[in-house]
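Beneath this line is the structure, given in structure tokens, with notes to follow.
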Amino acid sequence: MAKIKKGDLVVVISGRDRGKQGRVLEVLTESQRVVVEGVQRVTKHVKVGQSQRGARTGGIETVEAPIHISNVMVVDPESKKGTRVGYRTEEIERDGRTRTVRVRVAKRSGKDI
């Protein structure tokens, strides 16, 4: 199970973009990879075509490529550095029933993510 979710603020810990921070745009669970905004930008050649309005599409674009999930860490909300993710169970009482909920916690500071 991946501890990194879509929308998390992460920092790259290895590779050519080491030290960069960005939001997770997509998590690819089968290949254990994540697409991070502004990280691992590659040039992609797109075939020229036309949109429905008649505008020309295609050419050379720069897009974010997937990066392995082990090369990113979640950013700690307090220290703004990379941290590991832990879980804490909480008992929430609603409508007379108690439910146990798992809350993601930053190991570095103990704050909720």
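At a glance:
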item: Restraint check, Lys5/Lys80; Lys44/Lys81; Lys3/Lys80, Cα-Cα greater than 29 Å; result: Lys44/Lys81
item: Pairwise label distance in nanometres, Asp112 with Thr62, each label 7 Å out on the Cα-Cβ vector; result: 3.8
item: Largest to smallest principal axis extent of the C-alpha atoms in segment 62-113, angstrom; result: 52, 25, 17
item: Reported label for calculated log10 I(q)/I(0) by the Debye sum over Cα atoms at q = 0.15, 0.20, 0.24 Å⁻¹ given (i) -0.55, -0.99, -1.41; (ii) -0.69, -1.13, -1.41; (iii) -0.74, -1.04, -1.26; result: (iii)
item: Separation in nanometres of the label points that stand 7 Å from Cα toward Cβ, at Lys20 and Arg102; result: 3.1
item: GluC sites (Glu not before Pro) within segment 71-113: DSSP coil, no more than 15 neighbouring Cβ in 10 Å; result: Glu78
item: Relative exposure of Asp17, Asp95, Asp112, judged by other C-beta atoms within 10 Å (fewest first); result: Asp95, Asp112, Asp17
item: Segment 87-92 - phi-based ³J(HN,Hα) in whole Hz, Karplus 6.51/-1.76/1.60, Gly and Pro as x; result: 10, 10, 9, 10, 9, 10
item: At 1.306 mPa s and 10 °C, Stokes D of segment 9-75 from Kirkwood alpha-carbon radius, µm² per second; result: 120
item: Residue-span extension gain [Arg53 to Ser31] - 0.36 nm each, minus C-alpha spacing; result: 4.3 nm
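Readers should treat all values here as calculations from the given coordinates under stated rules, not as data from a laboratory. Not measured: the values here are computed from a predicted model. Glycine also receives a Cβ, built like all others from the backbone with ideal geometry; neighbour counts cover every protein chain displayed.
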